[in-house]
Amino acid sequence: MKLRNTFALGLLAAALCAPAWAASVTGKFAVTLPEKSHQGQGVAKFVELVKAKSNGDIDIKPYYGGALGDDVKVTSALQGGTIEFTVPQTTTLTGMIKAYEILDFPFLFKNSEEAEKVLDGAIGQKLMDTLPAHGLVGLAYWENGFFNATNSKHPIAKVEDFSGLKFRSIQAKITQETIKALGANPVPLAVPELYTALETRTIDGQGTPNAVIAALKLYEVQKFLSITRHSYGAFIPLVSKQFWDKLKPEQQKILKDAAVEARTHQRQVARTQSDSAQKMMADRGIKVNEVSDAERKRMRDAVQPVWKMFAASVGQELVDQVEAELKK
């Protein structure tokens, strides 16, 4: 009896001495960009919030700088259940869910407020509702930012200034058709090839958010930065549905709440980094020009054939809903 009591007391002591922070749920978070990026800082805030809200019950380990692979690879890994979290740009989803291509329509949003209204409302949720059928769960929408044009020839102040430029594009057809509609010639190129192609004048220009232009040091090989805001990039924190389905409802709520709460911080970081990147590049000698509202409208008019071309695959009803929301 004495031995049994001693054993029981030992178990109780071990339980009392167990670290309070020991997590019952763990997960890997694959992040494409570095920790200091707007994407990385959003993930860091999300991880911090989840740990605090769950009292350490949920512990997520981030892997920054593409350590676990690119967006396509890690999104596939989420579907397979081998990675639990990632946060790609929504463009990554268009290969499996055509409706997400609506967010790649050129000149869709005039400003961040319009983007937030659409993404954080019923339309954004409608898009998210398509994800579970593909083994994914969406938590919120974060910001990559507005895409602006750089080139080595001249400032782009009006739609005619695109004419004849050799302009880098990604593989997505909508991007290539947009460049054509503006009068430039699309040249598909991967990011690792971009700096050299611009330096050797194999291509004349490209379009990415300010923070990305600065991070890739493209200001060293480009003369002009034109604030075209021709596209808007949104990130989407995703969870593997296999992992999600194993969680308790209260744990699912913690993840959702943390992603929404981190959204405010992440978007602010994205906008601050965009402004500071633009100032830094101007200080380094790149010539910056703002495209007027009237000329941006002319550019938007020029790409309307692209909207019509992709409306059928996206769904005309969805296009109409977005346009109606923007008119408000």
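Quick note: the coordinates plus some simple rules give every number you see, no bench work behind them. Here the structure is a predicted model, which means the values were calculated and not measured. Virtual Cβ from ideal backbone geometry, glycine too; neighbours counted across all protein chains shown.
Confirm whether W307 is touching a residue at least 40 places away in the same chain (Cβ under 8 Å), within 24 Å of the chain's Cα centre (by Cα), over 22 Å from V43 (Cβ atoms) and surrounded by 15 or more Cβ atoms within 10 Å (Cβ to Cβ). Yes. The residue that is surrounded by the fewest Cβ atoms within 10 Å (Cβ to Cβ), counting only those in region 27-63 that are in a strand (DSSP E or B) and in contact with a helix residue (DSSP H, G or I) (Cβ under 7 Å, 6 or more places away or on another chain), is D59.
Number of residues in region 214-265 that are surrounded by 21 or more Cβ atoms within 10 Å (Cβ to Cβ), among the small types (G, A, S), part of a helix (DSSP H, G or I) and more than 15 Å from the chain's Cα centre (by Cα): the value is 2. Cβ-Cβ distances below 8 Å connect the following pairs, each with a first residue in region 23-48 that is under 11 Å from V87 (Cβ atoms) and in contact (Cβ under 8 Å) with a residue 40 or more places away in the chain, a second residue that is among the basic types (K, R) and surrounded by fewer than 20 Cβ atoms within 10 Å (Cβ to Cβ), and a separation of six or more residues or different chains: F29/K61.
Of the residues that make up region 137-156, is at least one free of Cβ contacts under 8 Å to residues at least 12 places away in the same chain and either of a type in the set (G, A, S) or over 30 Å from T200 (Cβ atoms) (or both)?
Going through region 137-156, the residues free of Cβ contacts under 8 Å to residues at least 12 places away in the same chain turn out to be none.
Scanning region 137-156 turns up no residue that is free of Cβ contacts under 8 Å to residues at least 12 places away in the same chain and either of a type in the set (G, A, S) or over 30 Å from T200 (Cβ atoms) (or both).
For (1) within 21 Å of G95 (Cβ to Cβ); (2) among the acidic types (D, E); (3) buried (at least 24 other Cβ atoms within 10 Å of the Cβ); (4) under 24 Å from the mean Cα position of the chain (by Cα), each residue gets a yes or a no:
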| position | (1), (2), (3), (4) |
| --- | --- |
| A149 | no, no, yes, yes |
| S152 | no, no, no, no |
| A157 | no, no, no, no |
| S163 | no, no, no, no |
| S169 | yes, no, no, yes |
| Q176 | yes, no, no, yes |
| A181 | no, no, no, no |
| N185 | no, no, no, no |
